Amino acid sequence: MSDFEDLQQESLNVFPADFGAEVHPAEFIPLGGSESPGGSSLDLLLDIVLRINVELGRSSMPVRDILSLGPGSVVELDKMAGEPVDVSINGTLIARGEVVVVDEKFGVRVTEIVTPAKRVASLI
C-alpha cells in the first residue's frame, strides 16, 4: 500500500471519541398538538408580509429602442385593454382580476382565483 492509501485508510477509522469527545444519540423534545399556546398555529403566519405584484402585460424591445424612450413614449404590451391582469404573490400566480380606480389610486378587483391544478397545467 502507498503512503497515501495508508493515510486514507487511517482517516476512515478516526472517530470523535478518539479525540476525547463524548458522543450521545440525539434527543428530541416531543411535539405537542397542533395548537400553540396563543391559539391556532395559523395565527403565527397571519402577520407575515408577502409581496403582491400585478402584471399589466409584457413586452420585449431591443436596447436601441429602450435607450430612445423618453417622456411621452408608449410601450405596447402583449395584453389587450380590458383583459384580466395577473396577480402574483411572491412570484406565484394566484389570481386574475380587473384594474379599478379607488380614491385616485389603482387597484385590482379579483375576478378569478387560480387553483393549484390550473397553476400546474400552466407550467406544462
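Once you charge only the Cβ atoms, +1 for Lys and Arg and -1 for Asp and Glu, what is the size of the charge dipole of the range 48-123 about its Cα centre, to the nearest 20 debye?
Working: 9 positive and 10 negative charges, 60 e Å.
Charge dipole of the range 48-123: 280 debye, to the nearest 20.
With the charge dipole of the range 48-123 set up from +1 on Lys and Arg Cβ and -1 on Asp and Glu Cβ about the Cα centre, the Cα lying farthest toward the positive end among the listed residues Ala117, Ser59, Val87 is that of Ala117. Loop-located GluC sites (Glu not before Pro) across the range 86-124 with a Cβ neighbour count of 12 or fewer within 10 Å are Glu104, with loop assigned by DSSP.
Projection of the Cα convex hull of the range 48-123, averaged over all directions and equal to a quarter of that hull's surface, yields 7.6 nm².
Run the numbers for Val74 and Val101: contour at 0.36 nm per residue of separation, minus the present Cα-Cα distance, in nm.
Numbers: separation 27, 0.36 × 27 = 9.72 nm, distance 2.11 nm.
Full extension of this stretch gives 7.6 nm more.
Here, each number is a calculation from the coordinates, and none is a lab measurement. Note that the coordinates shown come from a computational prediction; the quantities given were computed from them, not determined experimentally. Virtual Cβ from ideal backbone geometry, glycine too; neighbours counted across all protein chains shown.
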